[in-house]
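First comes the structure, then the notes that go with it.
The values are calculated or read from the model by the stated rules, or taken from the named source; none is laboratory data. Keep in mind that what you see is a predicted model, and the values were worked out from it rather than measured. Neighbour counts run over all protein chains shown; Cβ positions are idealised from the backbone, glycine included.
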Amino acid sequence: MPGFIKPQLATLRSKAPKSGNHEIKYDGYRVQLHLNQGKAKAYTRNGLDWTKRFAVIARAFDIPGQAIIDGEVVVVLEGRTNFGELQADLARGSQDRLLYYAFDLLWLDGQDLRKLPQIERNWMLRGLFDAYELNPPVLYSEHLEGDGQELFEHASKLNYEGIVSKKADAPYRSDRNDGWLKVKAVQREKFPVVGFVKDSTGVPALYLVSKTAENWCIWARLAPAGRAPSPAKSASNSTRLLVRSLS
């Protein structure tokens, strides 16, 4: 049985393809599970051993024999995966809300499956769930066939992060390629600027404010593009607001 396998990565596109298999894009941590005769290990996207952090998930994938499974660890809040809540749970060492969406099968009982078509690997993974009656916190990631753009538009209306479209006849390749394409939804919101602070580089940090039904929350955002804001002050400790990005 091989060690950690460098994961296949999706290429960003502005529009989803008309054909292929399409899945909801999860907002979590990419995790590769290695199952070997009752022993389990969990590796991050970069090959770090996080078995202790995901021990509940590793134990739940209770199957005999050997398997290497690719998937995503998430926390679901209000029907959608929430990366901020996942980070908070991991920081506390809490695993009660962790879920693992399995979406690919790379190895099974001595057989390297990476050269098989995507759709065959999906069928074999689904068969694994059915045969051993696997239940949450491990879940099979369902896919839809057909018009990816139509699915993406529905996902955007539901405030999902986006979709991943996969070529049904493509093998698993350990790099970023067009076998997997991701289309991300952009969620926009207006945040009034209520102040700023300069640091030693002369780049200001902006203080932004957002309003919920329960309170006001002030956020700090560093000027360089792509950095996520962090909460500077909240008027209520009972409500945690997490903002991933601002455009």
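Summary of computed values
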item	result
LEU106, sole failed condition from (1) touching a Lys or Arg at 6+ places or on another chain (Cβ under 6 Å); (2) part of a helix (DSSP H, G or I)	(2)
Given (1) of a type outside the set (Lys, Arg); (2) within 17 Å of LEU90 (Cα to Cα); (3) part of a strand (DSSP E or B), number of the condition HIS22 does not satisfy	(2)
Complete set of residues in the stretch 163-178 that are part of a strand (DSSP E or B) and crowded, with 21+ Cβ neighbours inside 10 Å	ILE163, VAL164, SER165, LYS166
Some residue of the stretch 82-101 being within 22 Å of PHE4 (Cβ to Cβ), in a helix (DSSP H, G or I) and not basic (Lys, Arg)	yes
In the stretch 42-65, residue modelled with the highest pLDDT [restricted to those that are in a loop (DSSP other than H, G, I, E, B) and of a type in the set (A, V, I, L, M)]	LEU48
Total residues in the stretch 57-77, condition surrounded by fewer than 15 Cβ atoms within 10 Å (Cβ to Cβ) and touching a residue at least 40 places away in the same chain (Cβ under 8 Å)	2
Contacts under 8 angstrom Cβ, first residue in the stretch 119-137 being more than 25 Å from VAL76 (Cβ to Cβ), partner loosely packed, with under 14 Cβ neighbours inside 10 Å, 6 or more apart	ILE119/ASP169
Selected residue [in contact with a strand residue (DSSP E or B) (Cβ under 8 Å, 6 or more places away or on another chain), surrounded by fewer than 19 Cβ atoms within 10 Å (Cβ to Cβ) and either among the basic types (Lys, Arg) or touching a residue at least 40 places away in the same chain (Cβ under 8 Å) (or both)] from ARG92, ARG97, ARG80	ARG97
Filter result for the condition that a residue is surrounded by 17 or more Cβ atoms within 10 Å (Cβ to Cβ) and either free of Cβ contacts under 8 Å to residues at least 12 places away in the same chain or within 15 Å of the chain's Cα centre (by Cα) (or both), over ASP27, ASP49	ASP27
Pick from the stretch 138-160, criterion surrounded by fewer than 20 Cβ atoms within 10 Å (Cβ to Cβ) and closer than 26 Å to ILE68 by Cα, ranking: nearest to the chain's Cα centre (by Cα)	SER141
